[in-house]
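The values are calculated or read from the model by the stated rules, or taken from the named source; none is laboratory data. Everything quoted here is computed from the prediction, not taken from an experiment. A quick note on method: Cβ atoms are made from the backbone with ideal geometry, for glycine too, and the neighbour counts reach across all protein chains shown. Heads up: the accessible areas ignore ligands, DNA and RNA and are worked out on the full protein's heavy atoms, side chains in. Shrake-Rupley method; radii C 1.70, N 1.55, O 1.52, S 1.80 Å.
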Amino acid sequence: MDLSSDDLKVFVAVVDSGTLGAAAANLGQTTSAISRALARLEEKLATSLLTRTTRRMELTEEGDWLLAKARAILAALDEAEESIRIRRQRPSGRLRIDAASPFILHVIVPHVAEFRARYPEITLELTSHDQIADLLEHRTDIAIRVGELADSTLHARALRSGCMSVLASPAYLQRHGTPQTPADLQAHQTLGFLQYETGNKWPLRHENGEWLTIKPAMLASSGETLRALALEGQGIVCLSEFMTRKDIDTGRLVSILGNYYTGYQRPIHAVYYRNTQLSRRISCFLDFLQEKI
């Protein structure tokens, strides 16, 4: 049995139009052609989809089930066709992207050259606000946000989720020793976020739960600043893996307390206002970014 999209389009048109004649008019075909197409579909499925009388048509149980599937399939085909069309149109213009500085430096910047080669007519403008920024106020088209999203009227697209790691430099651990349990952190120099209390709750299992609230010995507004401080041996940090993976791989930072990590995955979203004039540029950038991360 081979169903085609044309089969499904005829079936949906008949249901939506209410009569074979109306469906034929909507599809630009004859009534007899629509009737034959519907009969072929029922023959392929070996079941009746519609009960027809002189006055009206009603869906059978099988027809009702197929209708929902057919609508979903046709919608997916339309979306795929639109995506291909967008890719062929060589989108152009200015695209303003805002993200916390660590995400720009470690995730976006390494792929900018490839994006520009693929979409040379798009002009990127990259800005960094380490706290949530108002898109309209900052004239931003796309904002990348790491962490849980608050309720919003914005459209959001999940890009990925990322692990976090508790880290220190080898020099720091050599001077101060390696904490063996979350409770040991009280005797260490922890580095935390300024004006971002959520960032000072680390996903570590301990006797009172699965989130450990630290009391930082030093604070900074930027995760990149905290990373730099940790690299200089100034204390212990808890940061997203996307910004510290190279440091861990090269041994510049050492992951500790891994046995106590809860497995929490910090979500990463792109948020934006839906704007038809921008949609092609937004879609191109988000598809590209998701491909890379």
For Rg and Dmax of the Cα atoms in Å, the choices are (1) 24.3, 79; (2) 20.2, 63; (3) 27.7, 90; which was calculated from the structure?
-> (3)
Expected vector for segment 206-212, Karplus 3J(HN,Hα) from phi with 6.51, -1.76, 1.60 and θ = phi - 60°, integer Hz, x for Gly and Pro, equals 8, 5, 10, x, 10, 10, 9
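When only Cα pairs under 8 Å and 6 or more residues apart are kept, what is the percent relative contact order across the chain?
The value is 21 percent.
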Give the percent of DSSP beta bridges with both residues in the chain that are antiparallel, rounded to the nearest 5.
-> 65
For LYS201, LYS246, what's the largest-to-smallest order of accessible area, 1.4 Å probe?
-> LYS246, LYS201
Applied in sequence order to segment 240-247, the curve 6.51 cos²θ - 1.76 cosθ + 1.60 (Karplus, θ = phi - 60°) yields integer Hz couplings, x standing for Gly and Pro, of 5, 5, 4, 9, 10, 4, 5, 5
Under unit Cβ charges (Lys, Arg +1; Asp, Glu -1), what dipole magnitude, rounded to 20 debye, does the chain have relative to its Cα centre?
-> 620
Accessible surface of the chain, 1.4 Å probe, proportion on carbon and sulfur as whole % = 49
Accessible-area order (highest first, 1.4 angstrom probe) of the listed residues MET218, MET164 = MET218, MET164
The aspartates and glutamates whose Cα lies under 14 Å from the Cα of LYS44, excluding any fewer than 8 residues away in the same chain, are ASP2, ASP6, ASP7, GLU62
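Over the chain, give the accessible area per residue in Å² for a 1.4 Å probe, as an integer. Display every interim value, and only then the final one.
Values: 16620 Å² over 293 residues.
Heavy-atom accessible area per residue stands at 57 Å².
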Leaving ligands, DNA and RNA out of it, rank GLU79, GLU125, GLU210 by accessible area with a 1.4 Å probe, largest first.
-> GLU79, GLU210, GLU125
Say the dipole of the chain comes from +1 at the beta carbon of Lys and Arg and -1 at that of Asp and Glu; which of ASN208, LEU239, GLN180 then lies farthest toward its positive end?
-> LEU239
Semi-axes of the equivalent ellipsoid of segment 1-122: what are they in whole Å, largest first, if each equals the square root of 5 times a C-alpha gyration tensor eigenvalue?
-> 47, 16, 13
Computed over the Cα atoms of segment 149-271, the Rg and Dmax in Å are 14.6, 49
Cα-centred dipole magnitude for segment 145-293, charges only on beta-carbon of K, R (+1) and D, E (-1), debye, nearest 20 | 460
Might you work out the accessible area of ASP78 for me, using a 1.4 Å probe with all protein chains in place, and round it to the nearest 10 Å²?
-> 90
Residues meeting the amide H criterion for VAL166 (H placed from the backbone, H to H distance under 5 Å, 5 or more places apart or on another chain) are ILE256
What lysines sit close enough to LYS215 to cross-link, taking a C-alpha to C-alpha distance under 30 Å and skipping anything fewer than 8 places away on the same chain?
-> LYS201, LYS246
Computed, not fitted: 222 nm per-residue ellipticity of the chain from DSSP H runs ≥ 4 (each -39500 (n - 2.57)), nearest 500, equal to -12000 deg cm²/dmol
Might you work out the accessible area of HIS111 for me, using a 1.4 Å probe with all protein chains in place, and round it to the nearest 10 Å²?
-> 50
